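Below is one structure, written out as structure tokens, with a few remarks after it.
The values are calculated or read from the model by the stated rules, or taken from the named source; none is laboratory data. Computed from a predicted model, the values in this text were never measured in an experiment. Methodologically, a virtual Cβ is constructed for each residue, glycine included, from the backbone with ideal geometry; neighbour enumeration extends over all protein chains shown. For the accessible areas, the whole protein counts, side chains as well, though only heavy atoms, and no ligand, DNA or RNA atoms are used. Shrake-Rupley method; radii C 1.70, N 1.55, O 1.52, S 1.80 Å.
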Amino acid sequence: MRVPLRWLADFITIDLPPRDLAHRLTMAGLEAEKIEVIGHGWDNVYVGHVEQVASHPDADRLVLATVSAGEHRLTVVTGAPNIAPGQKVALALVGARLIDPYVEGVTYKTLKPSTIRGIRSEGMVCSEKELGLSAEHEGIMVLAEDAPVGVPLVDWLGDTVIEFEITPNLVHAFSMLGIAREAAALTEHCLHLPPVADLAGAPAADDALARLEAPELCARYLAVAIEGLRVGPSPDWLARRLTVAGVRPINNIVDVTNYVMLEWGQPLHAFDRARLAEGRIIVRRAGQDEALETLDHQQRKLTPEVLVIADPERAVGIAGVMGGVNSEVDDETTAIILESATFNMVSIRHTARALKLKTDASVRFERGLDPALAFDAAARATHLLLELCPGSKIVAVRDIYPNPVRPRPLAMPFGEIERLLGVRYQPEQVLDVLASLDLAPSLEGSTLSLTIPTYRQDLTMAADIVEEVARIVGYETLPETLPTGKSTPVQRDPVFLRQRLIREVLVASGCFEAVTYITAREQELQLLAAEDDSSGFLDPVPLADLWKLRNPMQSDRPYLRPTLLPGLLAVVSENLKHEMGVRFFELSRVYLPSRADEEAPLPHEANWAAVVLAGRREPVGRFSQEGELDFFDLKGMTEAVLNRCGVSDARFDRSNHPALHPGRAAIVSIGDQPIGVLGELRPDLAAAFGIDGPRVTVAELDLDALFAASSIAVTGVQVPRFLAVEQDFAIVVADDTPAAEVERALRAGAGPLATSVVLFDIYRGPQLGEGKKSLAYRVTFTAPDRALTDTELGKVRERIGKALKQRVEGTLRT
């Protein structure tokens with residue numbers, strides 16, 4: 001929000017330099033983003049008076065203007081079509097630096113004397129663009145009649161504008177008066193309110209002027225009927241203030257509504273009463289598919305969720321957003337209905353977003369306005385209209401305010417200020433600060449009582465009052481002290497730490513991490529499901545039990561995902577268009593039906609992992625491995641993840657999942673609990689996701705179940721004090737004995753000393769006999785408190801031999 005200091009000075013005495021004022025307001029929570037000085041560089045530019053205008057003797061489109069500015073009187077050559085005797089203009093003398101209007105961008109030039117068609121010209125009458133005030137340069141800038149001739153232009157039109165970033169919770173400061181109120185409290189000056197009209201004494205009207213049919217969307221609606229108006233350009237002071245504040249002047253009626261919106265923070269709208277059926281207003285919901293052409297000349301299709309301003313026949317405006325063309329003020333307007341209302345902030349926000357129509361009015365209504373502000377702003381606008389249009393009068397006033405908002409009492413212990421801030425303030429100082437904020441404080445004993453005005457909706461509890469005291473006194477005045485006591489030890493999230501372990505494993509396996517949408521399409525979910533009426537992959541969920549968003553950001557993705565695979569498959573499909581092989585994974589949450597032990601009516605958020613491989617195993621090269629990524633690559637990655645998590649008793653069993661290729665699918669279990677499914681996706685399903693040609697292997701793991709079975713501590717990195725010992729074991733077993741069963745038997749015999757077991761060779765040959773195979777394992781032994789001796793390792797080897805013989809009928813080769 002742009003705040004010109006000349007305008008601000010109407011309400012308070014400004015005795016601080018602009019930078020100091022901006023700093024004080026910033027430290028009080030109103031961030032000043034930029035300070036702009038209008039008139040900086042206007043040296044040698046004065047207010048001039050055009051004495052006479054004569055034709056150029058040698059040019060049809062040029063004239064000779066005699067202009068005086070105090071002690072300066074000179075003739076300038078100009079082609080401005082609007083110059084005339086008696087005007088007050090901006091006269092630039094030789095040496096002035098002006099913007100070149102004929103060069104794109106902002107380029108300054110220094111004015112020099114020149115001879116134009118035989119006439120010497122040592123000055124220039126300036127346009128607004130040459131002075132940097134606007135883009136207008138078709139004619140010269142004509143100043144107001146009361147401009148003092150001969151004074152530097154910067155003294156007459158110069159200003160300093162502070163641009164603030166107003167946060168949504170400070171809507172009470174989103175106006176000139178709001179900033180003035182804050183500045184008055186900070187600088188200990190009085191606030192002067194501008195004059196307003198007496199609406200309370202105006203003739204009251206009934207439903208014949210305005211009727212409210214949707215009170216749930218409009219807390220207050222005030223309509224003021226004014227007649228005898230005359231539409232025309234705004235006076236120079238009004239147009240100039242709007243321009244400096246960033247608003248384009250239109251005409252005196254519309255400009256008054258914009259002026260009061262900037263001054264008071266309350267959006268207003270003027271309807272041409274002659275263009276309203278029966279000359280009255282109805283505030284109602286829009287009809288289904290009702291249409292309205294708004295002031296930006298766009299046809300808008302409305303719904304019953306939209307609040308409209310209407311007459312008995314049709315909608316004439318979108319409440320709180322923009323008016324309609326069918327009721328706008330034009331040059332023929334003589335009577336208006338001035339609207340000042342308080343619309344529901346949520347309704348306005350939804351309307352503005354649905355129509356993709358953001359306006360200065362909607363931005364203010366979205367933040368929640370004080371209903372009391374509607375009356376004050378209407379009274380101010382009425383005063384200005386009656387002043388600008390002599391002979392106009394108030395015909396009627398209709399104020400619909402079914403549930404008035406009253407100031408709220410608030411009581412708190414005075415000691416709460418010292419408790420929260422750690423600083424003791426004298427009661428007199430605190431009472432003065434709170435009084436400057438219009439909080440009507442009183443102190444009885446140790447209880448501080450206040451009355452919160454209706455415009456301070458941000459003050460709801462004692463801590464808010466303490467904050468007000470601190471920011472007005474000055475945060476920078478709080479004493480600087482070092483913290484005492486012990487700092488809270490950092491507690492790392494164990495889920496995050498274990499996920500980081502899995503990321504490291506999958507990245508080391510050549511995978512890239514993807515982040516996909518948390519919403520999914522119905523068709524994608526049903527493709528991967530085990531049954532026709534279900535959805536999902538690892539844990540299929542009935543389609544009717546999925547969590548569906550009421551207002552999804554993408555209309556074709558209404559469901560919270562119960563699986564990670566659809567999003568990953570879409571990523572793989574896009575990347576295969578320019579890569580020969582891809583490996584992607586995602587660690588994130590899925591959203592399942594609430595469990596019986598969860599009371600809140602919210603989805604159960606489970607931590608899952610998904611991996612998708614497709615295409616060539618390695619890029620084409622002299623030493624690259626031939627072949628495509630397949631089930632065994634994915635199984636190896638899964639085993640690496642399980643090992644990194646310290647899970648030693650996991651097993652892979654055959655799976656008949658309908659989305660996977662028969663014979664190339666497995667279910668991963670820890671004990672009796674399934675924790676994942678992996679396999680090769682059926683070709684027809686891969687094609688449905690846009691992947692034609694290469695094999696696609698997918699895996700999905702339940703990380704919550706995996707972490708529950710994990711034996712890896714994640715509290716920190718433990719560095720062993722004693723060296724590990726590695727030994728190789730060659731185990732002869734029947735050819736149909738699974739390697740996983742052999743490893744379990746080996747671990748059972750080795751006990752806790754075995755920290756790693758790796759299968760590194762498989763041998764079959766005549767030396768072993770028919771139907772036999774030899775599995776070679778490398779086992780790492782580690783003891784946390786001692787160095788292992790040969791005697792101790794010999795006993796472990798004996799135990800391993802016994803366990804192998806009992807469990808898998810295996811023997812150790814010597």
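Return a yes/no flag: does region 237-248 have any residue that is of a type in the set (D, E, K, R), more than 34 Å from the chain's Cα centre (by Cα) and open to solvent by 50 Å² or more (accessible area, probe 1.4 Å). No, every residue in region 237-248 fails to be of a type in the set (D, E, K, R), more than 34 Å from the chain's Cα centre (by Cα) and open to solvent by 50 Å² or more (accessible area, probe 1.4 Å).
Among the residues of region 415-430, write down those that are assigned to a loop (DSSP other than H, G, I, E, B) and in contact with a Pro (Cβ under 9 Å, 6 or more places away or on another chain). Hits for region 415-430 are GLY422, VAL423. Remark: pairs (first residue in region 784-810, within 24 Å of ALA734 (Cβ to Cβ); second residue open to solvent by 30 Å² or more (accessible area, probe 1.4 Å) and assigned to a helix (DSSP H, G or I); Cβ separation under 6 Å; 6+ apart in sequence or on different chains) = ALA803/ALA748; VAL808/GLU741. Taken as a whole, the condition of being open to solvent by 30 Å² or more (accessible area, probe 1.4 Å), in contact (Cβ under 8 Å) with a residue 60 or more places away in the chain and in contact with a strand residue (DSSP E or B) (Cβ under 7 Å, 6 or more places away or on another chain) applies to PRO203.
Of the set (1) open to solvent by less than 80 Å² (accessible area, probe 1.4 Å); (2) under 21 Å from ALA606 (Cβ atoms); (3) touching a residue at least 60 places away in the same chain (Cβ under 8 Å), all apply to GLY510 but (2). No other residue among GLY95, GLY178 is open to solvent by 10 Å² or more (accessible area, probe 1.4 Å) and not in a strand (DSSP E or B) apart from GLY95. In this structure, does HIS657 turn out to be surrounded by 16 or more Cβ atoms within 10 Å (Cβ to Cβ), within 46 Å of the chain's Cα centre (by Cα) and part of a loop (DSSP other than H, G, I, E, B)? Yes.
Report yes if some residue within region 424-435 is open to solvent by less than 90 Å² (accessible area, probe 1.4 Å), farther than 26 Å from ALA180 by Cβ, touching a strand residue (DSSP E or B) at 6+ places or on another chain (Cβ under 8 Å) and in contact (Cβ under 8 Å) with a residue 12 or more places away in the chain; otherwise report no. Looking through region 424-435, at least one residue is open to solvent by less than 90 Å² (accessible area, probe 1.4 Å), farther than 26 Å from ALA180 by Cβ, touching a strand residue (DSSP E or B) at 6+ places or on another chain (Cβ under 8 Å) and in contact (Cβ under 8 Å) with a residue 12 or more places away in the chain. Is it true that some residue in region 14-28 is buried (at least 19 other Cβ atoms within 10 Å of the Cβ) and farther than 30 Å from PHE174 by Cβ? No, region 14-28 contains no residue that is buried (at least 19 other Cβ atoms within 10 Å of the Cβ) and farther than 30 Å from PHE174 by Cβ.
Of all residues in region 282-299, which are in contact with a Gly (Cβ under 9 Å, 6 or more places away or on another chain) and open to solvent by less than 40 Å² (accessible area, probe 1.4 Å)? Within region 282-299, LEU292, THR294 qualify.
As a summary of the residue check, HIS189 satisfies the conditions (1) loosely packed, with under 15 Cβ neighbours inside 10 Å; (2) in contact (Cβ under 8 Å) with a residue 12 or more places away in the chain; (3) part of a loop (DSSP other than H, G, I, E, B) except for the one numbered (1). Of the strands (runs of 3 or more DSSP E) entirely within region 1-76, those holding at least 1 residues that are in contact (Cβ under 8 Å) with a residue 40 or more places away in the chain, in contact with a Gly (Cβ under 7 Å, 6 or more places away or on another chain) and closer than 19 Å to ARG241 by Cβ occupy 2-4, 31-38, 45-56.
Would you mention how many residues in region 508-532 are within 28 Å of GLY636 (Cα to Cα) and either outside any loop (DSSP other than H, G, I, E, B) or more than 31 Å from the chain's Cα centre (by Cα) (or both)? Of the residues in region 508-532, 12 are within 28 Å of GLY636 (Cα to Cα) and either outside any loop (DSSP other than H, G, I, E, B) or more than 31 Å from the chain's Cα centre (by Cα) (or both). Has region 71-92 got at least one residue that is of a type outside the set (A, V, I, L, M, F, W, C), open to solvent by 20 Å² or more (accessible area, probe 1.4 Å) and within 24 Å of THR160 (Cβ to Cβ)? The answer is yes, given that some residue of region 71-92 is of a type outside the set (A, V, I, L, M, F, W, C), open to solvent by 20 Å² or more (accessible area, probe 1.4 Å) and within 24 Å of THR160 (Cβ to Cβ). The residues on offer are VAL505, VAL433, VAL495, and the sole one that is hydrophobic (A, V, I, L, M, F, W, C), assigned to a helix (DSSP H, G or I) and at pLDDT below 90 is VAL495. Residues of region 266-290 that are touching a residue at least 60 places away in the same chain (Cβ under 8 Å), charged (D, E, K, R) and assigned to a loop (DSSP other than H, G, I, E, B): ARG280 alone. Taking the conditions exactly as written (within 21 Å of VAL256 (Cα to Cα) and either part of a loop (DSSP other than H, G, I, E, B) or among the acidic types (Asp, Glu) (or both)), does PRO194 satisfy them or not? Yes. Here GLY636 meets each of (1) closer than 25 Å to LEU501 by Cβ; (2) part of a strand (DSSP E or B); (3) out of contact with any Pro (no Cβ under 6 Å at 6 or more places or on another chain); (4) not basic (Lys, Arg) with one exception, condition (2). Candidates are the residues of region 303-327 that are farther than 20 Å from VAL397 by Cα and charged (D, E, K, R); the one that is farthest from the chain's Cα centre (by Cα) is GLU313. Between LEU157, LEU93, LEU170, the distinction of being in contact (Cβ under 8 Å) with a residue 24 or more places away in the chain, of a type in the set (A, V, I, L, M) and within 30 Å of THR460 (Cβ to Cβ) belongs to LEU170 only. Of all the numbered requirements in (1) at pLDDT 95 or above; (2) of a type outside the set (Lys, Arg); (3) surrounded by 14 or more Cβ atoms within 10 Å (Cβ to Cβ), ASP458 misses one, and that requirement is (1). Restricting attention to region 299-316, the residues being in contact with a Phe, Trp or Tyr (Cβ under 9 Å, 6 or more places away or on another chain), more than 14 Å from HIS350 (Cβ to Cβ) and in a strand (DSSP E or B) number 2.
Among the residues of region 343-398, those identified as closer than 25 Å to GLY201 by Cβ, open to solvent by 40 Å² or more (accessible area, probe 1.4 Å) and either part of a loop (DSSP other than H, G, I, E, B) or touching a Gly at 6+ places or on another chain (Cβ under 7 Å) (or both) are PRO390, GLY391, LYS393.
Which of (1) touching a Gly at 6+ places or on another chain (Cβ under 8 Å); (2) part of a loop (DSSP other than H, G, I, E, B); (3) under 19 Å from ILE250 (Cα atoms); (4) not hydroxyl-bearing (Ser, Thr, Tyr) is the odd one out, the single condition ASP330 does not satisfy? So ASP330 meets the others, but not (1).
Please find, within region 727-748, the residue that is modelled with the lowest pLDDT out of those that are assigned to a helix (DSSP H, G or I) and over 13 Å from THR811 (Cβ atoms). Once the filter is applied, the top-ranked residue is ALA740.
Can you say whether LYS129 is closer than 22 Å to GLU36 by Cβ and not in a loop (DSSP other than H, G, I, E, B), as far as the supplied structure shows? For LYS129, the condition - closer than 22 Å to GLU36 by Cβ and not in a loop (DSSP other than H, G, I, E, B) - is not met. For HIS172, the test of being open to solvent by 10 Å² or more (accessible area, probe 1.4 Å), within 23 Å of ASP438 (Cβ to Cβ) and more than 34 Å from the chain's Cα centre (by Cα) is failed. Of all residues in region 30-56, those satisfying the criterion of being open to solvent by less than 40 Å² (accessible area, probe 1.4 Å) and at positive phi are GLY39, GLY41.
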